[in-house]
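Asks: What follows is a structure written as structure tokens; I'll ask about it next.
Read-outs throughout are calculated quantities, based only on the coordinates presented, and are distinct from any laboratory measurement. It should be emphasised that the depicted structure is a prediction, and the values quoted were computed from it without experimental measurement. Glycine gets a Cβ as well: all are built from the backbone with ideal geometry, and neighbour counts include every protein chain shown.
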Amino acid sequence: MMSSSLVSFTSIILLPLLSVAVAVSISTSLKSELPSDAQALMAFKTMADLEDKLPFLFSNRVNQCQWLGVKCAQGRVVRLVLEGFGLSGSFAPNTLTRLDQLRVLSLQNNSLSGPIPDLSDLANLRTLFLDHNSFFGSFPPSILSLHRLKTLDLSSNNLTGVLPSGLIALDRLYYLRLDNNRFYGSVPPLNQSSLEIFNVSSNNLTGAIPVTVTLLRFHIASFSANPGLCGEIVHQECRPRLPFFGPSGRAPPPTALGQNEQVQGLVLHSPSREEHKRTDVIVGFSIGILFLVGSLICFITAVRKRTKQRWSTPTMASDTAATTDAAAVMRMEEQNELEVKVKKVQVGKSGSLVFCAGEQHSYTLEQLMRASAEMLGRGTIGTTYKAVLDNQLIVSVKRFDAAKTAITSTETFERHMESIGGLRHPNLVPLRAYFQSKDERLIIFDYQPNGSLFSLIHGSRSTRAKPLHWTSCLKIAEDVAQGLAYIHQASKLVHGNLKSSNVLLGPDFEACLTDYCLAILADTTVSDDDVNSAGYRAPETRKSIRQATPKSDVYTFGVLLLELLTGKLPSQHPFLTPTELHTWVKSTRDEDTGEENRLAMLTELAATCHQTSPEQRPTMWQVLKMIQEIKETVMMEDNHQLQLGFS
């Protein structure tokens, strides 16, 4: 038993140290006349090819650009593909990591072991296939620094540990496979609009799968064989941890954004038992067909059509299929690289609109500039206009005020707009496109014809008019909570500037959030003289709106809820204890005695969100659950009253 433990310790601790020492020794002993890239390749071969299975052409007697699996550009190695050679050594540090011009690296279908070394020096890397080996250790944190990475496959290894949330920052990813490892913890809230191939099956992941636009696109098979996962995608209810307003257990799971939610044009229904049975049959039949026909045809078809259908990769892929997948992806990478460069040049020269999340190019910048414009209002970072185009299409355009916005680079602004543009939810006004030049930045939203919540509460009524009806308050509160919860769950962003003027009413008078996630672009040196805007802010963000957090959004939601219930602007809200707050809210309304209990529940929720300390506030998911439990309580009371009326 002790001998086994000693062997394990040696392989995990001493082998990597020995690999480093040997690699350094080999590197210094190579002939000085060899190019640096050749030295790196030879050092890798010495440590990885212990049984000398690579052909003789992979030697220091031939130019490295002619070696097997090597491709060069201007004398530098840009591509290295060594697949299925039975390499049984290690991927030692200070070997391939010196190939700083490397764009494609594939070592799949070998028997390499040990930890994956620090890859942060491979700043130009776009494609990385290390699957079907025996690598162990945690997820390599250095991969998170490879911001040009588009394809990452670490599947079928012995990797363990948690999946880092930093995967979200790899905003160019379209291929991510981490299946058949021993990862544990939660699934990161990936929301890259470019992600088309994804699989984390056959791990030890647990918890609720984040409800993001991206993850909703993938089939349940992409998450299978993780018994601890739950949520809408895997049709497994997540048990809530914190009870609110009594022991009711029939509220929807935290990951559900509603019983019938619209996401990217698809209506997601809660599956019935019959649907479950049909799904099981379809999935079983599909897996059988895939096994017979082969994953090659499916993959090539998916790549060529460039669809955004759900992708389900079999959890037990053959070595041949994996090799073919890698080759197809790398060919597509090479074909697209030049096209991407050309498009970037064209956009830069013409100053074109950039459309988000696969939006159709419905109009041009020239058409937008010719449109008739009507100012709708001035906000924290700019002015919003209603623009009517030649084709009678109406959009909302926010023009950033340079004096109110922070100085950010072109790349930073572009990345942030792409993140916001990927958010799609029924209670968010979608960001369709953006434009930036040296002196101008614009963002284009859908136009909402029914005005803002501010106008509904304060606009056309006299000072003695009654506040909104209780049921309207509850409906609007739920819509706003849905939108905020989605932002918090789907990304690392926050709204940061929630107020009644930034809640618009959609075609069916549903509440939709706008100006979300823009607070980070505000200039911290510019003060906000609007006393009502300042009244929405949490105590910890009153010095700078850019310090907004999910918990400060919760505080602002509490202020907005009080505005809904009382019809009073934030500047008119007194600072009271929960008991006093209920008395004040009741005094602003002429509710029937039958509504008092319902009013008390919403007031209690507002007070809970309005806590001075961020730690004492609930999350938006918990707030949403509270609202849904209030609805359920009201429905039960109404049904009971109806039954009494018939008895």
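Asks: Note down the net charge around Ser142, summing +1 for each Lys or Arg and -1 for each Asp or Glu among other residues with Cβ under 10 Å from its Cβ.
Replies: Around Ser142, the charge tally is -2.
Asks: If each residue of separation counts as 0.36 nm, what is the full-extension length gain between Thr633 and His469 once their alpha-carbon separation is subtracted?
Replies: Value of the extension gain: 57.3 nm.
Asks: At what distance in nm do the modelled label points of Leu576 and Asp390 sit from each other, each positioned 7 Å from its Cα along Cα→Cβ?
Replies: 5.8
Asks: Using a cut-off of 15 Å between beta-carbons, work out the net charge of the residues near Ala373 (Lys and Arg +1, Asp and Glu -1, Ala373 not included).
Replies: +1
Asks: Length gain on complete extension for the stretch Gln66 to Glu615, per 0.36 nm per residue less the alpha carbon to alpha carbon distance?
Replies: Difference between extended and current length: 191.5 nm.
Asks: Can you sort Phe575, Phe129 by how many other beta carbons sit within 10 Å, fewest first?
Replies: Neighbour counts put them in this order, fewest first: Phe575, Phe129.
Asks: Now, a different point. Based on the Cβ-Cβ distance of Lys543 and Ser120, what FRET efficiency does E = 1/(1 + (r/R0)^6) give at R0 = 41 Å, to the nearest 0.05?
Replies: 0.70
Asks: Using the Kirkwood formula over every pair of different C-alpha atoms, what hydrodynamic radius in Å results for the range 355-446?
Replies: Here the Kirkwood hydrodynamic radius works out to 13.8 Å.
Asks: For the range 408-499, what number results from the quotient of the Cα radius of gyration and 2.2 N^0.38 Å?
Replies: Normalised by 2.2 N^0.38 Å, the Cα Rg of the range 408-499 equals 1.36.
Asks: Would the range 582-625 count as rounded, prolate or oblate if I go by the C-alpha gyration tensor, calling it rounded below 1.5 in a/c and otherwise prolate when a/b exceeds b/c, oblate otherwise?
Replies: It is oblate, given that a/c is not under 1.5 and a/b is not larger than b/c.
Asks: Okay, moving on. Can you give the alpha-carbon Rg of the range 463-646 over 2.2 N^0.38 Å, where N counts its residues?
Replies: 1.05
Asks: All other residues with a Cβ under 9 Å from the Cβ of Glu510 taken together, and with Lys, Arg as +1 and Asp, Glu as -1, what is their net charge?
Replies: Neighbour charge sum, excluding Glu510 itself: -1.
Asks: Which whole-number percent is the relative contact order of the range 47-182 (Cα, under 8 Å, 6+ apart)?
Replies: 17
Asks: Then there is this: My understanding is that a pair violates if its Cα-Cα distance is over 18 Å; which of Lys404/Lys438; Lys543/Lys568; Lys386/Lys438; Lys492/Lys631 do that in this structure?
Replies: Those over the limit are Lys543/Lys568; Lys386/Lys438; Lys492/Lys631.
Asks: What FRET efficiency do you get for His235 and Ser134 if R0 is 25 Å and r is their Cβ-Cβ distance, rounded to the nearest 0.05?
Replies: Once the sixth-power term is evaluated, E becomes 0.15.
Asks: Still on this model: Could you calculate the FRET efficiency of Ala373 with Asn204 from 1/(1 + (r/R0)^6), where r is the beta carbon distance between them and R0 is 45 Å, rounded to 0.05?
Replies: Result of the calculation: an efficiency of 0.20.
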